[in-house]
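Novice: Next up is a structure, given as C-alpha cells.
No lab work stands behind these numbers, since they all come straight from the coordinates. In this text the structure is predicted, and so the values were computed from the model without any measurement. Here the Cβ is made from the backbone with ideal geometry for all residues, glycine too, and neighbour counts use every protein chain on show.
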Amino acid sequence: MKTRSSTLISILCGIALAGAAAWSGSPPACAASVTISAAEIKASGIATAPLQATQYRATVEGIATVTDPQPLVALAAQLATSRAAVGAAQQQTVASAAQAKRLQVLYRNNKFVSQRDEQAAVAAAAAAQAQEVSAIASDASTRAGARTEWGAELVAIASRGANAFADYVQGRRMLLAVALPIGTMAQPAATIAILQAGGREQNAALIGPSPRSDTGVQGPTFFYWTVAEDLRSGQRLSALVPVGTKPIAGVIVPDDAVLWYAGASWVYVETPSGRFTRRQISTSARAVGGWFEVTGFHTGERVVVRGGELLLSQERMPPTTQQSAGGDDDD
C-alpha cells in the first residue's frame, strides 16, 4: 500500500517523534504521509469529510445540573395565592372606604345614621387599609425571598400563574443550573452546548442568572432550559459555554478525525486523492463537534474521519526491500 518515498518520510518522522519526550514544548508537527489506491481506500473503509468554515468564540467548560421543577411549581402557586390576597385586600379597602364615606355624609346631614355607626365604618375602612398594607408587604417579602433563591427571571415566569412551569413538569423542557469556573466573565451566553453520554450534544437557551452558586464550582451560575427529554433531576453534565464577544474565523476539525500518538494529537488530510498527510492539531480550543483551528487547516480540505488508525499503522510499517525481476538486488 505504501510507496518508497512515503516510507522514508515515515521513518524520518518516527525518528523525530522518538525524541518528542525530550521536548519542553509540543512534539514536532511532522508531515508524514501515506499513499494508497482508490481500491484500497474502499476496501479499508476509509472515509473523509470536508472542513467547514465557522465563526468561533472561546469557550469554557462548566457543570450543568438538571434541576427539579417542583419547587418552582410550588412557588408559582404561592405567588398566585399571595397576589390574590393583595387583590382581595385592595377590593376590601375600596369597599370599606366607600361605605365609611357614605355614612359620614349621612351622619353629617342628619340622615338617621348614628355616630356609632359612622365611627364603626371609619374604623372598618382603616382596618381594611391596614390589611391591604400587610398583604402587599407579605407579597413583596415572598417575591424577594424567591428572587434570592431562583433569580428575577424565574420568579417572573412563576408570576404568570400555576401553569407557568407545565412544560417542565410534563418533561417537554428541562431546567439546568450551569456553573462556570471561578474567574469566568459573568456575561452569560444566549446558547450553550450540553454534552450528554456518548458525546451527544444538546443546545440549551439562557433564562437568566442564578443567585446561588454550585457547591463544587464556585464561579457564576446561570439557569438554562433545554428540550432533552431523557435527562433526570440531579444529573450533572458538562457544558460548553462561549465567553467573550468577538468571534474568530477558522474551521472545526471533527472529533472523529483526531488521533493521539506519541503524546500529541494528529489529523490525516487527503492531499491529493489517495495521498494522506498527517498534520498536528493543537486541540486547545474545544468547540461543538470537535476542535477549532485558526491555522494549519483550510476550508474545504478533506480530513479522515474513519480509518485514521489504519493509516497510522500503515505509516509506521518498516520499508520493504524491493528486488529486480531476476531476483538480484539492484546495484
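Novice: May I ask you to work out the translational diffusion coefficient for segment 115-184 at 20 °C, viscosity 1.002 mPa s, via Stokes-Einstein with Rh from the Kirkwood sum over Cα pairs, reported in whole µm²/s?
Specialist: For these conditions, the coefficient is 134 µm²/s.
Novice: Further question: Which ordering of LYS101, LYS246, LYS111 is given by a fewest-first count of other beta-carbon atoms within 10 Å?
Specialist: LYS246, LYS111, LYS101
Novice: GLN170 to LEU106: extension gain in nm, 0.36 nm per residue of separation minus the Cα-Cα distance?
Specialist: Fully extending the segment from GLN170 to LEU106 adds 17.2 nm.
Novice: Determine the sum of side-chain charges near ARG143: Lys and Arg each +1, Asp and Glu each -1, restricted to other residues whose C-beta is under 12 angstrom from that of ARG143.
Specialist: 0
Novice: Mind jotting down the three principal axis lengths of segment 209-260 based on Cα atoms? Whole angstrom, largest first.
Specialist: 37, 30, 25 Å, listed from the longest principal axis down.
Novice: Okay, moving on. Sorted from largest to smallest, which semi-axis lengths in Å does the alpha carbon gyration tensor of segment 77-158 give for its equivalent ellipsoid, taking the root of 5 times each eigenvalue?
Specialist: Listed largest to smallest, the semi-axes of segment 77-158 are 39, 9, 7 Å.
Novice: Taking K and R as +1 and D and E as -1, what net charge do the other residues with C-beta under 10 Å from the C-beta of VAL251 add up to?
Specialist: Spelling it out: positives minus negatives among the neighbours equals -2.
Novice: Determine which aspartates and glutamates satisfy two conditions relative to LYS246: a Cα distance under 20 Å, and not lying fewer than 8 residues away in the same chain.
Specialist: Reachable aspartates and glutamates: GLU61, GLU293.
Novice: Here's a follow-up. Report the trypsin sites (Lys or Arg not before Pro) located in segment 153-262 that are in a DSSP loop and have at most 14 other Cβ atoms inside 10 Å of their Cβ, or state none.
Specialist: Loop-located and lightly packed - ARG160, ARG172, ARG200, ARG212, ARG232.
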